[in-house]
1. Please work out which residue is nearest to TYR55 (Cα to Cα), limiting yourself to region 11-30 and to residues that are surrounded by fewer than 11 Cβ atoms within 10 Å (Cβ to Cβ) and either modelled with pLDDT of 75 or more or of a type in the set (Asp, Glu) (or both).
2. What are the residues in region 262-274 that are crowded, with 20+ Cβ neighbours inside 10 Å, of a type in the set (Ser, Thr, Tyr) and assigned to a strand (DSSP E or B), if any?
3. In a loop (DSSP other than H, G, I, E, B), surrounded by 15 or more Cβ atoms within 10 Å (Cβ to Cβ) and in the same structural domain as ARG237 (by TED's automatic domain parsing): is that true of ILE170 in this structure?
4. Which ones in region 227-256 are in contact with a helix residue (DSSP H, G or I) (Cβ under 6 Å, 6 or more places away or on another chain) and outside any loop (DSSP other than H, G, I, E, B)?
5. Is one or more of the residues making up region 177-189 basic (Lys, Arg), out of contact with any helix residue (DSSP H, G or I) (no Cβ under 9 Å at 6 or more places or on another chain) and in a helix (DSSP H, G or I)?
6. Sort through PHE215, PHE182, PHE232 and tell me the only one that's assigned by TED's automatic domain parsing to the domain that holds LYS158, among the hydrophobic types (A, V, I, L, M, F, W, C) and farther than 27 Å from VAL118 by Cβ.
7. Check THR79, THR44, THR89 and return the single one that is modelled with pLDDT of 65 or more, assigned to a helix (DSSP H, G or I), within 14 Å of THR249 (Cα to Cα) and hydroxyl-bearing (Ser, Thr, Tyr).
8. Among the residues of region 169-198, how many are within 18 Å of ILE259 (Cβ to Cβ), of a type in the set (Ser, Thr, Tyr) and within 23 Å of the chain's Cα centre (by Cα)?
Amino acid sequence: MIMKKILQILFSLIFIIVVFLLMLKNSQISTLYDLPTWLIPTTTSICFLYISYRYIILKIKEDKLEGEIISIVNHTFRTPLTSILWHTTELKKDLPQNQKYLYLQNINNSTSKVLNVVDVLVGIKDVKNTSGYFFQAISIREIIENSINKYRDKINKKNIKFQVSTFKDIPLLTLDLKKITFVIDSVLENAITYTKQEGKILVDCISDPQKLVLFISDTGIGLSKIDKMMIFSKFYRSHRAKLMDPDGTGLKLYLSKQIIERHNGRIYAKSNGQDEGTTFFIELPFKK
């Protein structure tokens with residue numbers, strides 16, 4: 001990072017020196033090479049404006065990224081850490097054993113939330129490192145069943161009706177188990193989080209000799225036209241999504257897209273609009 005900034009400064013200095021020399025020697029250079037006298041000032045001005053534009057855009061992106069990270073740290077870390085601190089203080093008191101056990105469970109849950117966010121943030125770098133992928137033959141059905149079990153309490157609380165395919169006659173897929181599990185978890189959690197009480201979620205697939213297409217369909221808040229374009233962008237979260245789940249990071253779907261692409265697959269979402277539900281499609285190739 002420091003080296004990059006040094007190189008940027010050197011490039012800027014070299015550019016300024018070159019522009020200064022060209023402007024100073026404009027008459028001689030124009031006469032020597034039979035050029036219009038306006039050519040060098042115009043060209044250098046255009047280059048200067050373009051570089052200034054790129055610099056401004058870069059700074060805006062950096063400021064936005066910094067703001068998003070601060071927001072994630074503030075919302076996602078502050079709540080569980082405050083909870084841990086409060087429960088730790090309460091445990092110092094003379095409490096019944098069952099109350100202490102409940103507090104310890106809450107501390108464990110809050111700690112898990114923090115670690116999950118850390119894993120996601122670290123994952124931004126890890127998912128792009130293809131040497132870190134370990135491919136093996138695995139059953140997509142087992143991954144889905146395990147993922148549903150992780151969110152069983154949340155499903156029961158919202159009384160969501162799940163319909164899951166039997167995945168009959170679907171061969172094993174050559175995948176990175178840990179990373180594909182992350183994708184399935186992310187998409188299923190997304191469907192559960194944004195599906196309202198008494199909603200429905202369908203998990204099914206279709207296949208041909210080349211690929212498996214897994215789709216997870218919900219009756220949740222749906223996607224606007226902007227959501228459809230931005231849903232897999234880093235840190236993107238719609239206003240309605242933030243209202244329903246303030247602690248989201250806007251990173252899991254972004255990372256899921258990176259992972260699926262490194263499996264030579266595709267992930268995309270379709271929706272008829274707001275409050276019309278969403279269907280996520282995950283295409284994974286059959287390969288040896």
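1. Kept after step one, since they are surrounded by fewer than 11 Cβ atoms within 10 Å (Cβ to Cβ), are these residues of region 11-30: 13-14, 17, 24, 27-28.
Checking the rest, the ones that are also either modelled with pLDDT of 75 or more or of a type in the set (Asp, Glu) (or both) come to 14, 27-28.
Details: ILE14: 16, SER27: 30, GLN28: 32 Å.
Result: ILE14.
2. Result: no residue meets the conditions.
3. Yes: the conditions hold for ILE170.
4. Within region 227-256, LYS252, LEU255, SER256 meet the criteria.
5. yes
6. PHE215
7. Testing whether each residue is modelled with pLDDT of 65 or more, assigned to a helix (DSSP H, G or I), within 14 Å of THR249 (Cα to Cα) and hydroxyl-bearing (Ser, Thr, Tyr) leaves just THR79.
8. Total satisfying the criteria: 2.
The values are calculated or read from the model by the stated rules, or taken from the named source; none is laboratory data. For clarity, every value in this text was computed on a predicted model and none was experimentally measured. Counting neighbours? That spans all protein chains shown, and the Cβs are built from the backbone with ideal geometry, glycine included.
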